[in-house]
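> Can you read through this structure? Questions will come right after.
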Amino acid sequence: MRIADILRNKGNSIVTIDAHATVNALLCDLARHNIGAMVVLDNDAVVGIISERDVVRRLHERGPELLSTEVSDVMTALMFTCVPADSVDSIAAIMTERRIRHVPVIEDGSLLGIVSIGDVVKSRIDELQSERDQLESYIDQG
């Protein structure tokens, strides 16, 4: 299975945030969309990713004034990305090794989507269920 398959199944809705938005605005958007991370854009260019984890860690360091800070001051700029042709297994391994939960999907400089660890787990469960169904069908025919 490829990353393109995950995007096809989950749809291509992408929630992003401007690099100059406040952390407070970010938290409102994360809650409204019930998501854990957002890709950060500056003039329509991908410049980073920010997650709930990033905010919690910085909140511990900086206190409540963090809420008025720009997202660009809190985001992770050096992020791992993937392309639609990447295998889900290879991205799962990287997510596990690097302890990351969200990977933007970029091709030819365009943001196509974001894949979460939940998406990866769901795809693996679906794949296992399909294999199980095929085996049961084979046994029943035997």
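> Compare the Cα positions of M79, I91, P64 along the charge dipole of the stretch 50-142 (+1 at Cβ of Lys, Arg; -1 at Cβ of Asp, Glu; about the Cα centre) and return the one farthest towards the positive end.
Of M79, I91, P64, it is P64.
> Same structure again: If one takes the longest principal axis of the Cα atoms in the chain, at what angle in degrees, from 0 to 90 and to the nearest 10, does the Cα axis of helix 88-98 lie?
40
> Shifting gears a bit: Give me the number: length gained by fully extending V47 to D73, i.e. 0.36 nm times residue separation minus the C-alpha to C-alpha distance, one decimal in nm.
The span from V47 to D73 would gain 8.2 nm if fully extended.
> Keeping every protein chain present and rolling a 1.4 Å probe, give me the accessible area per residue for the chain in Å².
Roughly 62 Å² per residue, with all protein chains present.
> Please state the relative contact order of the stretch 60-123 as a whole percent: Cα pairs under 8 Å, 6+ residues apart?
Once normalised by length, the contact order is 25 percent.
> Tell me whether the stretch 64-131 comes out rounded, prolate or oblate; compute the Cα gyration tensor, take square roots of the eigenvalues as a ≥ b ≥ c, and use a/c under 1.5 as the rounded threshold.
prolate
> Sticking with this structure for a sec: Could you report the accessible area of I3 in Å², rounded to 10, computed with a 1.4 Å probe on the protein chains as they sit in the structure?
Roughly 0 Å² of I3 is accessible to a 1.4 Å probe.
> Keeping all protein chains in place and using 1.4 angstrom, which order do R124, R53 fall into by accessible surface area, from largest down?
Listed by decreasing accessible area, they come as R124, R53.
> Of the labelled options [x] 15.0, 44; [y] 17.9, 68; [z] 29.1, 84, which one gives Rg and Dmax of the Cα atoms in Å as computed for this structure?
[y]
The values are calculated or read from the model by the stated rules, or taken from the named source; none is laboratory data. Values in this document were obtained by computation on a predicted structure and should not be read as measured data. As a convention, Cβ positions derive from the backbone with ideal geometry for all residues, glycine included, and neighbour counts pool all protein chains shown. Just so you know, the surface numbers come from the protein's heavy atoms only, side chains and all, with ligands and any DNA or RNA stripped out. Shrake-Rupley method; radii C 1.70, N 1.55, O 1.52, S 1.80 Å.
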